[in-house]
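Heads up, the thing below is written out as structure tokens.
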Amino acid sequence: MGNAPLMPKATAVWLVENTSLTFDQIADFCKLHPLEVKGIADGEVAAGIRGHDPITSGQLTREEIEKAERNPDHRLHLSVSKVVVPEVKKARGPRYTPLSRRQDRPNAILWLVRNHPELKDAQIMRLVGTTKTTLKAIRDRTHWNSGALTPMDPVTLGLCSQIELDFEVNRAAKDKPPVEDHGQTLVPASVTTSPRAEPATTEDVFGKAKPAAPADEEDNFDADRVFSRLKDVDFGE
């Protein structure tokens, strides 16, 4: 079966009213039943439909109609349009998610938020087909089911492919400025291998010593000095 013309019933109305084509010819061209075309001619079908001229719209030529009028066995052929109409590209809308997977979408969003914080909201929305309102609620922990959410990999859930996830993660990594590493560094060898100065006194190691207690007189007793003094003393006889 070939292609039908635009507005087939309206075209059939016009052909019935303006040509002497048979019901079979009109039915074959408009892809209708011959009885339906007969009903159009009798006013029982398509009573409120206005006829559509297929010649004006470029679907038939006057010569093709005249040829068919002269030969009842001739079948009308739809004219090929000489104007190429560019295909209209549909705007890419949100990703369609099957009904069986929509309940897992919040879990996938939570997984992406936790494991890939570098992803932007628009990237997460593209990956799992969510809305900005739902994404914000999960980020802020104000989602109605926050307490029951479990982080789950969107690839495992079938919400996106691994290639799509890697693509968005790599794009986010390129957009993110590099972070300088300010972690611990090794001390130069010139510092670790340099000889250390020895302490000058024990006070440098153990602190200042306590003052020594005064010595007792018995400890300082000098017998020779005492006896030499006794020789000079006159005890008398």
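No value in this document is a laboratory result; all are computed from the given coordinates. Note that the structure is predicted; figures quoted are calculated from it, not measured. A quick note on method: Cβ atoms are made from the backbone with ideal geometry, for glycine too, and the neighbour counts reach across all protein chains shown.
Worth a mention:
- Extended-chain gain in nm, criterion 0.36 nm per residue less alpha-carbon gap, H33 and D121: 26.2 nm
- Multiplying the residue separation of L78 and A4 by 0.36 nm and subtracting their alpha-carbon distance yields 25.8 nm.
- Each label point was placed 7 Å from the Cα along the Cα-to-Cβ direction; for A41 and W144 their separation is 6.2 nm.
- 3J(HN,Hα) couplings calculated from phi for segment 63-77 with the Karplus curve 6.51 cos²θ - 1.76 cosθ + 1.60 (θ = phi - 60°) are, in sequence order, 5, 5, 5, 5, 5, 6, 5, 6, 10, x, 7, 6, 9, 5, 10 Hz; Gly and Pro show x.
- Cα gyration tensor, segment 99-175 - rounded (a/c under 1.5), prolate or oblate: oblate
- A full extension of the chain between T131 and K67 corresponds to an added length of 17.1 nm, given 0.36 nm per residue minus the alpha carbon distance.
- Likely footprinting exposure, E168, E66, fewest C-beta neighbours within 10 Å first: E66, E168
- Distance cut-off 18 Å, percentage of C-alpha pairs in segment 8-70 lying past it: 24
- Taking θ as phi - 60° and the Karplus parameters 6.51, -1.76 and 1.60, the scalar couplings of segment 127-135 work out to 5, 10, x, 9, 10, 5, 5, 5, 4 Hz in sequence order, x denoting glycine and proline.
- Net charge contributed by nearby residues that have their C-beta within less than 11 Å of D24 (K/R +1, D/E -1): 0
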